[in-house]
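To start, I am sharing the structure in question, which I have written as structure tokens.
The values are calculated or read from the model by the stated rules, or taken from the named source; none is laboratory data. Remember, predicted model here, so these are calculated numbers, not experimental data. So basically every Cβ, Gly included, is an ideal-geometry build from the backbone, and we count neighbours across all protein chains shown.
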Amino acid sequence: MRTTSVSELNDGIIRSMSIGALFSDFVGKINALDFHRTADLLVTTGEDDSVRLYDIANGKLLKTTHHKKHGADRICFTHHPSSVICSSTRNLDSGAESLRYLSMYDNRCLRYFKGHKERVVSLCTSPVDDSFMSGSLDHTVRIWDLRVNACQGILRLRGRPTVAYDQQGLVFAVSMEGGAIKLFDSRSYDKGPFDTFLVGGDMAEIWDIKFSNDGKSMLLTTKSNNIYVLDAYNGEKRCGFSVDASPNTTIESTFTPDGQYVISGSGDGTLNAWSIPTRSKVANWDSQIGVASCLKWAPRRVMFAAASVGVLTFWIPNDTI
């Protein structure tokens, strides 16, 4: 069995992707998933208050923890492969812990973070230090340090905020009302944004932002079911794609590690792949799980994960099954 490298991706390999593992032991929707940057691990959260840790190299569930008191919504890994940051779903308006720093190794909460008054809808960790960011329906973006309980910085804005660090940790992007993207220097964000991008003609809320690994492109997924790839330096639209409406489910899209392809869910229950250089559709698959609300490509493997209500799937090239 030959293992395909992420540097070898081409249209044929993308088209050959199929389900290599399926997990259906969730109750309710899977809220979020995240890959560790360097370890072969994936973490998920679900409406059943579960946090689950998977070995992606072997397609195995390693551990499940339940969080009945706080719930489990957004999630992302820290640098340590057994530590995650998880947002809460309960008692937020009473000033409860909106974010928790959890050890999956021994199921302990290492630190609580209070501040947000409504649900956290976007969460990301810095790739270079102990900083992380959260965007909430309370119209704030908060900047934190894993080592300190207190919030390190607050950005107040209009609309539903989405946050993302670039892969070098030097810049972060924040979306706000009217489809605007503001870019900040991570080291001096208190001076305000150094640039603002708009996707011409589309003022829909931006549900998700991702930077490509080389930092040259940004991927936006909007409430209007449009997907855009922007030049991360000047905001110029490189290409745009549309998918079927998904009125009850937000969809997610993802770059491949080489930044040459975009994969996305769709309201019709399919998954789609496009080539960025040619701006053409390369593949269309039946997701076999309905509308995929969570979708991410593994950082170092030819593999992506897609999840929906009750089901998580790992997709790999069929020559490795």
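So which pairs qualify, if the first residue must be in the stretch 212-236 and surrounded by fewer than 21 Cβ atoms within 10 Å (Cβ to Cβ) and modelled with pLDDT of 90 or more, the second must be of a type in the set (Lys, Arg) and part of a loop (DSSP other than H, G, I, E, B), the Cβ gap must be under 8 Å, and the two must be at least 6 apart or on different chains?
Correct list of pairs: Asp231/Lys216; Tyr233/Lys216.
Moving on. Within 30 Å of Asp258 (Cα to Cα), of a type in the set (Phe, Trp, Tyr), within 18 Å of the chain's Cα centre (by Cα) and at pLDDT 90 or above: does that describe Tyr101?
no
Follow-up question, since we're still on this one. Go through the residues of the stretch 240-260 one by one and say whether even a single one is outside any loop (DSSP other than H, G, I, E, B), within 18 Å of the chain's Cα centre (by Cα) and either charged (D, E, K, R) or more than 19 Å from Leu33 (Cα to Cα) (or both).
No, the stretch 240-260 has no match at all.
Still on this model: Which residues, counting only those in the stretch 156-193, are surrounded by 21 or more Cβ atoms within 10 Å (Cβ to Cβ), hydrophobic (A, V, I, L, M, F, W, C) and farther than 24 Å from His79 by Cβ?
Listed by number, the residues that qualify are Met176, Ile181.
Exactly one condition in (1) under 21 Å from the mean Cα position of the chain (by Cα); (2) in contact (Cβ under 8 Å) with a residue 60 or more places away in the chain is false for Ser7; which is it?
Result: Ser7 passes all but (1).
Out of all the residues in the stretch 1-56, which are closer than 23 Å to Val291 by Cβ, charged (D, E, K, R) and assigned to a helix (DSSP H, G or I)?
Matches in the stretch 1-56: Arg15 only.
Restricting attention to the stretch 130-155, and to residues there that are surrounded by fewer than 22 Cβ atoms within 10 Å (Cβ to Cβ) and among the hydroxyl-bearing types (Ser, Thr, Tyr), which single residue is nearest to Phe113 (Cα to Cα)?
Ser131
What do you reckon, is Ser136 free of Cβ contacts under 8 Å to residues at least 40 places away in the same chain and within 17 Å of the chain's Cα centre (by Cα)?
Judged against the criteria, Ser136 is a match.
Evaluate the following for Ser242: is it within 21 Å of Ile19 (Cα to Cα) and at pLDDT below 95?
no
Sticking with this structure for a sec: Determine whether Glu118 is under 27 Å from Thr222 (Cβ atoms) and more than 18 Å from the chain's Cα centre (by Cα).
Yes, satisfied.
Would you check if there is a residue in the stretch 199-214 being in a strand (DSSP E or B) and in contact with a helix residue (DSSP H, G or I) (Cβ under 8 Å, 6 or more places away or on another chain)?
Within the stretch 199-214, one or more residues are in a strand (DSSP E or B) and in contact with a helix residue (DSSP H, G or I) (Cβ under 8 Å, 6 or more places away or on another chain).
Let me ask another. Looking only at the stretch 23-71, count how many residues are under 17 Å from the mean Cα position of the chain (by Cα) and at pLDDT below 90.
0
OK, next. Could you list, in sequence order, all residues of the stretch 101-130 that are closer than 19 Å to Ser175 by Cβ and among the small types (Gly, Ala, Ser)?
Residues satisfying the conditions are Ser122, Ser126.
Turning to a different aspect of this structure: Is it fair to say Gly153 is of a type outside the set (Val, Ile, Thr), touching a Ser or Thr at 6+ places or on another chain (Cβ under 7 Å) and under 17 Å from Leu99 (Cβ atoms)?
no
OK, next. Has the stretch 117-134 got any residue that is of a type in the set (Phe, Trp, Tyr) and at pLDDT below 95?
No, the stretch 117-134 contains no residue that is of a type in the set (Phe, Trp, Tyr) and at pLDDT below 95.
Can you name every residue in the stretch 284-308 that is small (Gly, Ala, Ser), at pLDDT 95 or above and either surrounded by fewer than 19 Cβ atoms within 10 Å (Cβ to Cβ) or assigned to a loop (DSSP other than H, G, I, E, B) (or both)?
Matches in the stretch 284-308: Ala298 only.
Please tell me if Leu53 is touching a Lys or Arg at 6+ places or on another chain (Cβ under 7 Å), of a type outside the set (D, E, K, R), within 25 Å of Trp297 (Cβ to Cβ) and surrounded by 16 or more Cβ atoms within 10 Å (Cβ to Cβ).
yes
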